[in-house]
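Engineer: A single structure is presented below for examination.
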Amino acid sequence: MIRESINNSVLLREAPPTALTFLISNVTPLLEPRPPRASLKWLDFPREGRIVLSLFTGVRYRSRRASKVIHGALLPALNDSGDGDSDQRSARFHLLRFSASLCPRNACIHMVLELRRVCVCVSGGAVCSQDQFRCRNGKCITSRWVCDDTDDCGDGSDELPESCLQKSHYATGEKTCSQSQFSCGGRLNECVSIRWHCDGKADCENSADEQGCALKNCTDEEFRCSSGQCVSKSFVCDKDSDCDDGSDELSCPVPTCRPGTFQCNDSVCVPRLWACDGDADCADGSDEWPQNCPSGTGQKKQQTVCRNHDVLCGSGECIHANWRCDGDFDCNDRSDEDNCTAPTCRPDEFLCKDGSCIAGMRQCDGSPDCRDHSDEVDCVTVKTCKEPNWFKCRSGECISTDRVCDGTKDCLDWSDEPLKDCNTNECLVNNGGCSHTCNDLKIRYECLCPEGFHLINRTHCEDVDECLDADTCSQICVNLPGSFKCVCNEGFELDHMTKECKAITGSGAFLLFSTRHEVRKMALGSREYTSLIRQQKNVVALDVDIPNDRIFWSDASQKKIYSAATADPAHHSTVIDSQISRPEGLAVDWIHGNIYWTDGELQTISVATADGSKRKTLISDDLRNPRAIAIDPQNNFMFWTDWGESARIEKSGLNGADRTALVTENIVWPNGITLDVLNHRLYWVDSKLHTLSSIGVNGDSRHTLIYDQGKLPHPLALAVFEEKVFWTDMSNNGIWSANRMTGRDIAAVAEHLQSPEDIVLYHSLKQPTGRDWCKDTALVNGGCEFLCLPAPLINARSPKYTCACPDHMTLGVDMRTCVSGSDAEHEPVSSPSQHPTVLYVTLPIVAVCLLAFGGMLIWRHWRVKNTNTIHFSNPVYQKTTDDTVHIFRSPSLEGYSHPSLSDKSSNILDKPYLDSVTRPMIYIYNINKWTRQYDVI
């Protein structure tokens, strides 16, 4: 017999009528897990002769020609009233999709033995797909929710031992895990990622993945610490404790530096070119000491000039003037708190933790007035009864509930003895109007809701949508009646022990971080790191292009941006080396192949191709101190921090359009920023407020996760992956981590680092793929002559990209080619998308102008037609200048007269003469030198 599975149906071909037991043994296993009822129905009936047998106990089925009722067991009895053979019409059999009409509700299993084709359909509940689990109550849930210690079915059937055994395929009664999985065994017999085996954290319910783990073997390039930890041999005896127990710095000989290097006073070696260059590269600054820099050698460091309202630190950087003597160390050398007097406030003022003073009446007023919010700490705004089950009187005092409605008035306002409410059970009548539980109290009653519901209108319960809070689940939240479910994105798997989503695809994740002179690499979950890029002057910012396996970094001392392959970091290339001053933030667009960076000195945000051949300044207006930058190339947005006087976090498109501010309040010194691409949330650290916060990419759902001056004294950069957020701290000289949703579980990842700066996380799931419209179009580079930049995805009608030109050029009329600035002044620049609007405006104006012009022509034609003209020549009258003669009608017999030309006092034009008959006036004008023309009006 051939078995096929099509559209949730099972088709049995060529089943002989006599093979009843064969059918039963092959059909019933296909119905596991067995639903309450199921039916076998034929799809084409050529004859009326049918033999039907009921398989379920106590279920009666009636056909037209036969009826059987079976009790207890299947009887090998057939009632065949047909003629045995089916006609040729049965060959016209066609398989129909499963529907309610094929398998009616409450049908039992029907087996048609006469026909050679039968279809198995499932009824009596919902139809579950292959990747779903069918609960005993008929509900379908995803198979991933089976045996996860949560009742998702509602009847507990998904957590039964037999359900756990059905979660995956079994070969010999035991679960078969794939080669990339580890078998936990035990009650659940679950499979976890093989990378979770011996990672220091129990992922199996029985902790089998952390049992019998051998001590890690160090490679030939590594040094084994006394604690068993492995560190790079290059870190041994470098005056920096890299082992947790410091064993890498024990029994170290007196170091000697090779030729071409300078030995610092603490024995550390730096390149000779770094000595006496005006920049302290040794931790103790000995490479710039006068005794180490002979007269006439070296390079004098350029004196830093701070802007207005800023002060210069002894270590060379600038900070805001109002940060001086505020009780918080902001300079690297802490010189901003030198020679400061202890702050004092008046008796009627409140002293904030940062040393500032506010009016005393502003403490605990519900609104933070101190910059560090210390005026709203330890405030009690509502008076409650501390003891449980105590009654609060309306007058404010608390009494025991035993003294309520006992006939004795114990409250000052007698509110414990109301006559109408004592000894009355309101829940007896219509459940008190409560939709769920009515709880009778000594005074009145209360409506209660089950877990996962909340009370509305004081009587009705409504489901709580826990998924409205973005931090309810780490990735995807599914709201259920009375509860919720957390699931993971593709490529992640839910750890049932920690309830965290862990990556199960891609290569192993690791951290990349800079320590001024180096870029180091550390495997995630390990405390061991190696040097990736060495002998750098001052690495400030870095980022990675994972699809192309490249790393980018900026050097503040060299004032350049470099790039190298992660497989060969020793051979790097220069990407940007001009028109750059202080590149403190760097981000890579891995989809469109561009890089973005901030410049705190030039106060700009710029973009360039990954090779640096094309570049443009995107934003230069209203920037004070831009620092960190992060991008979202899937939706084409970028985000950056600015710690100017009005500190803020801003957002714009990757082409500089649609600029808007996301955070403007409760922010002072935002240093680092990072984007969680999967969950669409931004994370940033504030070095002044000592906070780590998050917010949605649209400015919603802001949360302060950590507020701790001890854990966040001077954070600089941060990165996010899975359930963790990692950050570097200059004052603590280390890398720390915490839960990115709660801010808890703060732990040190790496300590005793020298000047840790930027940090990024390297994993393929951190940079999901996307479409590059600049390359997917038929035109090369999207038809742009210079740069093709992705446009922000604001709505469905947004453009995919826009063209951009170098700083000294602008776009031409076609919005694709570039023209010089002088040529652009003579060319109208318009967008093709605006042409219809322009036509709608200009066409009516042109029509009105044409009508006006035609009317003027008609009027002039009428005027010429009604004008009398006299032409004559007067050879005697010759004048060298033009003259004007005024002739008007006179009542004299001569008919016409004109005034004397010598009489200049008379003004006939101002006072025209009208005779008694009101005849028209006659004006004579334009008398030429040789010909005089008289227009009679």
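FYI, it's all coordinate maths here, none of it is from the lab. Please read all numbers here as calculations on a predicted model, not as lab measurements. Please note: Cβ atoms are built from the backbone with ideal geometry, for glycine as well, and neighbour counts cover all protein chains shown.
Engineer: Report the FRET efficiency, 1/(1 + (r/R0)^6), for Leu793 and Ser557, where r is their Cβ-Cβ distance and R0 is 30 Å, rounded to 0.05.
Structural biologist: 0.20
Engineer: For the residues Cys318, Cys147, what sequence is obtained by ranking on other C-beta atoms within 10 Å, fewest first?
Structural biologist: Exposure proxy ranking, most exposed first: Cys318, Cys147.
Engineer: I'd like the distance between the alpha-carbon centres of segment 563-608 and segment 615-629, rounded to an integer number of Å.
Structural biologist: 14 Å
Engineer: Give the separation of the Cα centroids, segment 659-677 to segment 775-811, in Å.
Structural biologist: 27 Å
Engineer: If you don't mind, another one. Under the classification rounded if a/c is under 1.5, otherwise prolate if a/b is larger than b/c and oblate if not, where does segment 201-338 fall, given a ≥ b ≥ c as square roots of the Cα gyration tensor eigenvalues?
Structural biologist: Oblate.
Engineer: May I ask you to evaluate 6.51 cos²θ - 1.76 cosθ + 1.60, the Karplus curve with θ = phi - 60°, for each residue of segment 565-579 and list the ³J(HN,Hα) values in order in whole Hz, giving x for glycine and proline?
Structural biologist: 6, 5, 6, 9, x, 5, 9, 10, 10, 8, 9, 10, 9, 9, 6
Engineer: I've got another one for you. Given an 8 Å cut-off on Cα distances and at least 6 residues of separation, report the relative contact order of segment 776-829 as a percent.
Structural biologist: 26 percent
Engineer: Also, quick follow-up: Taking the Cβ of Lys614 as the centre, find all other residues whose Cβ is under 13 Å away and add up their charges (Lys, Arg: +1; Asp, Glu: -1).
Structural biologist: So the surrounding residues net to -1.
Engineer: Just want the ordering: Val725, Val270, from fewest to most Cβ atoms lying within 10 Å of their own Cβ.
Structural biologist: The fewest-first ordering by Cβ neighbours comes to Val270, Val725.
Engineer: Check each of the GluC sites (Glu not before Pro) in segment 180-267 and keep only those in coil by DSSP with at most 16 other C-beta atoms within 10 angstrom; list them in order.
Structural biologist: Hits after loop and neighbour filter: Glu221.
Engineer: Sort 505-518, 613-626 by the packing proxy (mean of other Cβ within 10 Å over each peptide's residues), most packed first.
Structural biologist: The densest-packed peptide leads the list: 505-518, 613-626.
Engineer: By its C-alpha gyration tensor, with a ≥ b ≥ c as the square roots of the eigenvalues, how is segment 621-746 shaped: rounded for a/c under 1.5, else prolate for a/b larger than b/c, else oblate?
Structural biologist: It comes out oblate by the Cα gyration axes.
Engineer: From the phi of every residue in segment 757-764, what ³J(HN,Hα) in whole Hz does the Karplus formula 6.51 cos²θ - 1.76 cosθ + 1.60 yield, where θ is phi - 60° and glycine or proline is x?
Structural biologist: Once θ is set to phi - 60°, the couplings for segment 757-764 become 10, 8, 8, 9, 10, 9, 6, 4 Hz.
Engineer: Still on this model: First check a/c for segment 506-766, with a ≥ b ≥ c the square roots of the eigenvalues of its C-alpha gyration tensor; if it is under 1.5, answer rounded, and if not, answer prolate when a/b is larger than b/c or oblate otherwise.
Structural biologist: rounded
Engineer: Amide H neighbours of Glu601 under 5 Å, counting only residues 5+ apart in sequence or on other chains, H built in-plane at 1.01 Å?
Structural biologist: The list, which skips near neighbours in sequence, is Arg582.
Engineer: Grab the Cα-Cα distance for Cys252 and Thr459, subtract it from 0.36 nm times how many residues apart they are, and report the gain in nm with one decimal.
Structural biologist: Taking Cys252 through Thr459 to full extension adds about 67.0 nm, to one decimal.
Engineer: Further, regarding this structure: Quick one: which of 416-427, 550-561 comes out on top by average Cβ neighbours within 10 Å, and what's the full order, highest first?
Structural biologist: Descending mean neighbour count gives 550-561, 416-427.
Engineer: Moving on. Arrange Thr674, Thr408, Thr664 by Cβ neighbour counts within 10 Å, fewest through most, would you?
Structural biologist: So the residues, fewest neighbours to most, are Thr408, Thr664, Thr674.
Engineer: Between Thr742 and Ser646, with labels modelled 7 Å along Cα→Cβ, what's the label distance in nm to one decimal, could you check?
Structural biologist: Placing both labels 7 Å along Cα→Cβ, they lie 3.9 nm apart.
Engineer: Identify the residues of segment 404-431 with backbone N under 14 Å of a label point that sits 7 angstrom from the Cα of Cys385 along the Cα-to-Cβ direction, or state none.
Structural biologist: Once the point is set 7 Å along Cα→Cβ of Cys385, 404-406, 410-418 turn out to lie under 14 Å by backbone N, inside segment 404-431.
Engineer: Give a residue-ordered list of calculated ³J(HN,Hα) values for segment 614-629 (Karplus: 6.51 cos²θ - 1.76 cosθ + 1.60, θ = phi - 60°; whole Hz; x for Gly, Pro).
Structural biologist: 10, 8, 7, 7, 7, 10, 9, 8, 6, 10, 10, 9, x, 10, 7, 9
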